[in-house]
1. Could you check segment 136-156 and list, in sequence order, the residues that are out of contact with any Ser or Thr (no Cβ under 9 Å at 6 or more places or on another chain) and either in a helix (DSSP H, G or I) or more than 15 Å from the ligand (Cβ to nearest atom) (or both)?
2. Given the conditions (1) more than 20 Å from Met217 (Cβ to Cβ); (2) surrounded by fewer than 23 Cβ atoms within 10 Å (Cβ to Cβ); (3) within 16 Å of the ligand (Cβ to nearest atom); (4) not small (Gly, Ala, Ser), report the number of the one that Val159 does not fulfil.
3. Against the condition more than 24 Å from the chain's Cα centre (by Cα), touching a residue at least 24 places away in the same chain (Cβ under 8 Å) and within 25 Å of Trp231 (Cβ to Cβ), how does Asp268 come out, does it pass?
4. Tell me the residue from Leu289, Leu259 that is assigned to a helix (DSSP H, G or I) and either within 25 Å of the chain's Cα centre (by Cα) or closer than 30 Å to Ala100 by Cβ (or both), please.
5. Going by the structure shown, is Ser374 in contact (Cβ under 8 Å) with a residue 40 or more places away in the chain and either over 22 Å from Asp317 (Cβ atoms) or of a type outside the set (A, V, I, L, M, F, W, C) (or both)?
6. Quick check on my filter: what residues within segment 312-330 are surrounded by 23 or more Cβ atoms within 10 Å (Cβ to Cβ) and assigned to a loop (DSSP other than H, G, I, E, B)?
Amino acid sequence: MSLLTKCIGLAKKAKHRYQDSIQAHQPVYLSPVRRIDRVAAHERICAMTFDDGPCRLPANPDSFGGKPLTLHLAELLEKYDAKGTFDVVGDTSENYPDAAGAAGSASWGGIAYDHYPDFQKDQEGGVAHCPELIDRLLAGGHQITSHSWRHIIWGRKNVVYGKRRHMPGLDAVMEDLEKLDRVMKERWDYSIRLSRPPHYVDRIPGGFTSYDAYALMGYQYLGASFDGAGWLPLSGYEVEVAATIQPMEKLLDANPDGLCGQIIFQKDGFNMARRSPVADGLEKQLQLLTRLGYRVVTVDALLAHSPFSDITPDKADAQNAALLLAAGWCVAFRDNTLRPQTILTRGGLAQMAYGWEGAKKRVALIREKARPFSDLKASHPYAGACVIAAERCGLGEGRRFLPDAPATRADLRRVLTDRFGEAPEVIPEEPLTHSAFFALAAELTGERHESE
Ligand SMILES: [Zn+2]
């Protein structure tokens, strides 16, 4: 491994540790867009995502007769009755003028922009140029998710990509996402439901983030919990192939259930050394998973099996919350946890009821530089939903909203009446928990799972 790639690996690790420590001290909010990294599952079920394709170029080294890499991956998955989630790009051919960076560096495929599958080979990749590969993936039952049209990072990322061009703001990000969404709908009648930002850069200039863009698109954020490796260049191909399987073997040796509910990150393309260890590594991974009785399913199927990351699908809270989720309520936190014993606040109640619509409202409030309440800034994650709750249910207190105050039975009655036209006769004692709310609202949707 070169010193540079070692540094990139270490920098990423340090960054993740730093982010973890920040996250531990930051409040987590209910959100219409949940980041799906993994789900809680007792069964041996997992998903695999493949970024940056489709790729018509053959694997490198090519031991597969010149077959397009994406086709090879699809056939391998199908051989093991597995379904993949292909996180595709639209077209990187407009990302010029540009120059190729040093081989083995993060800018190997372009200094100002990314180019897939390779610099000056943009016509061999992307949905726009490889519709036959999208046909093939859909015919094989694989899922398509959006990795954006041009794969331009959404905001500045100085550490690794200091010289990269990034998107100027939310409108440009939306235009790019809408393009891929529209092409998939028009050509394949296919609705995208999940998206992963290029290089996971979340901050968008203008005070917005990926979560705002996804809320406007109606998407969920596609994360991952397990690195299938293969993207980092090592000393040679065999070493890179081994790196795709060793961490998985180690994890499953220690605990054969260790991958239950996890989402594995892989690449449908070349690593920084312009090699594709996934072409040989994937079969070894699938052999191991099959031997242990794992089902590899699409991320959609994984979410249908278990929607949340902290509560398994056999629990009443998960079942009640899943009903509400399907009815458009925002019952889970941004990290896709349910945390049912949390005390329901007024802000939380507003967000649960009006979170989707509120996300649009919040974007408008930020753009207008509005201050909707004296105790709530426009940038607060619940600002839009609180404005709607005040308008529809009279849930404000003059200039104040009191978003952190526990929700009262009267607050709950007003919101349920607005959403369902009625409220239940009996409401539990205050303080109300999220769990109690799920049970009440699920009853009003017509189906309810009794607490175990
Ligand atoms: Zn990517």
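1. Leu138, Ala139, Gly140, Arg156
2. All conditions pass for Val159, except number (3).
3. Judged against the criteria, Asp268 is not a match.
4. Result: Leu289 is the single residue among Leu289, Leu259 that is assigned to a helix (DSSP H, G or I) and either within 25 Å of the chain's Cα centre (by Cα) or closer than 30 Å to Ala100 by Cβ (or both).
5. no
6. Of everything in segment 312-330, those that are surrounded by 23 or more Cβ atoms within 10 Å (Cβ to Cβ) and assigned to a loop (DSSP other than H, G, I, E, B) turn out to be Trp329, Cys330.
To keep it simple, each residue is scored yes or no on (1) within 16 Å of the ligand (Cβ to nearest atom); (2) under 12 Å from Gly140 (Cα atoms).
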residue: Ser31; (1), (2): no, no
residue: Arg34; (1), (2): no, no
residue: Asp37; (1), (2): no, no
residue: Ala41; (1), (2): no, no
residue: Asp51; (1), (2): yes, no
residue: Gly65; (1), (2): no, no
residue: Leu73; (1), (2): yes, yes
residue: Leu77; (1), (2): no, yes
residue: Thr85; (1), (2): yes, yes
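Quick grid of which residues meet (1) crowded, with 19+ Cβ neighbours inside 10 Å; (2) assigned to a loop (DSSP other than H, G, I, E, B); (3) of a type in the set (Lys, Arg):
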{"site": "Gly347", "(1), (2), (3)": "yes, no, no"}
{"site": "Gly355", "(1), (2), (3)": "yes, no, no"}
{"site": "Gly358", "(1), (2), (3)": "yes, no, no"}
{"site": "Arg362", "(1), (2), (3)": "yes, no, yes"}
{"site": "Lys369", "(1), (2), (3)": "no, yes, yes"}
{"site": "Ser379", "(1), (2), (3)": "no, yes, no"}
{"site": "Val387", "(1), (2), (3)": "yes, no, no"}
{"site": "Arg392", "(1), (2), (3)": "no, no, yes"}
{"site": "Leu395", "(1), (2), (3)": "yes, yes, no"}
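A short reminder: the numbers here are calculations on the coordinates, not readings from a lab. Fair warning: this is a prediction, and the values are worked out from it, not measured in the lab. With ideal geometry, Cβ positions are generated from the backbone for all residues, glycine too; neighbour counts draw on all protein chains shown.
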